[in-house]
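The values are calculated or read from the model by the stated rules, or taken from the named source; none is laboratory data. Please read all numbers here as calculations on a predicted model, not as lab measurements. Glycine also receives a Cβ, built like all others from the backbone with ideal geometry; neighbour counts cover every protein chain displayed. These area figures cover heavy atoms from the full protein model, side chains too; ligands, DNA and RNA do not enter into them. Shrake-Rupley method; radii C 1.70, N 1.55, O 1.52, S 1.80 Å.
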Amino acid sequence: MKSKIFLVVRLLFAIILLVFGINKFVEFLPPFELEGSALNYFTALAESKTLDLVGVVETVAGLSLLLNKYGALWAVIMMSVSVNAVLFHATLDPVNIGPALGLLILNIVVLVGYKDRYKDLLRA
C-alpha cells in the first residue's frame, strides 16, 4: 500500500514538473499577475535566462521521476527550486503561495519515499 501511495505522489509530482517546465518554453498556461517587487524580481529572472534554466531542470526532473530513473537525485535537486518558489511567494507574493507550498510538500513526500537511497549519504 505504501508503495502505491509513493507511486501516485511521484507521478503527480512528475506531471506537475513537466507541465510547468515545458510551459516556460511553450507558454500554454495563462500568465499569472505580479505587481511591484515581485514583478521586478520575476522580470530579472526572465531577462537573465534563469527561468529557462529552471524550465530545463523542471522538465528533466519531471521526465526522470516519470520514468523512475535517477528520481532520488532529481528529487534532491528539485528541493532548491521548491524552496525558492516558497520563499519567493512568502516574501513577495504571499497571496499565491498555495501552489508553491503544494510543490514543496510533494517534493518532501517524494524525498521521504526515496529515503532508502540516501542512507549512505546521511551516515555519520
Selection from the stretch 65-88 of residues that are under 17 Å from Leu12 (Cα atoms), without any contact (Cβ under 8 Å) to a residue 40 or more places away in the chain and among the polar types (S, T, N, Q): Ser82
Of everything in the stretch 90-117 that's over 14 Å from the mean Cα position of the chain (by Cα) and open to solvent by less than 30 Å² (accessible area, probe 1.4 Å), which residue is nearest to Phe13 (Cα to Cα)? Tyr114
Would you mind listing the helices (runs of 4 or more DSSP H) fully within the stretch 26-124 where at least 1 residues are small (Gly, Ala, Ser) and out of contact with any Ser or Thr (no Cβ under 8 Å at 6 or more places or on another chain)? 36-47, 50-67, 71-92, 98-113
Taking the conditions exactly as written (among the β-branched types (Val, Ile, Thr) and either open to solvent by less than 60 Å² (accessible area, probe 1.4 Å) or closer than 27 Å to Val109 by Cβ (or both)), does Val60 satisfy them or not? yes
Quick one: would you say Val9 is over 16 Å from Val109 (Cβ atoms), open to solvent by less than 70 Å² (accessible area, probe 1.4 Å) and either over 14 Å from the mean Cα position of the chain (by Cα) or modelled with pLDDT of 95 or more (or both)? no
Boolean, Glu33 is more than 27 Å from Phe6 (Cα to Cα), over 13 Å from the mean Cα position of the chain (by Cα), open to solvent by 100 Å² or more (accessible area, probe 1.4 Å) and at pLDDT below 95: yes
Hey, among Lys69, Lys24, Lys49, which residue is surrounded by 15 or more Cβ atoms within 10 Å (Cβ to Cβ) and charged (D, E, K, R)? Lys24
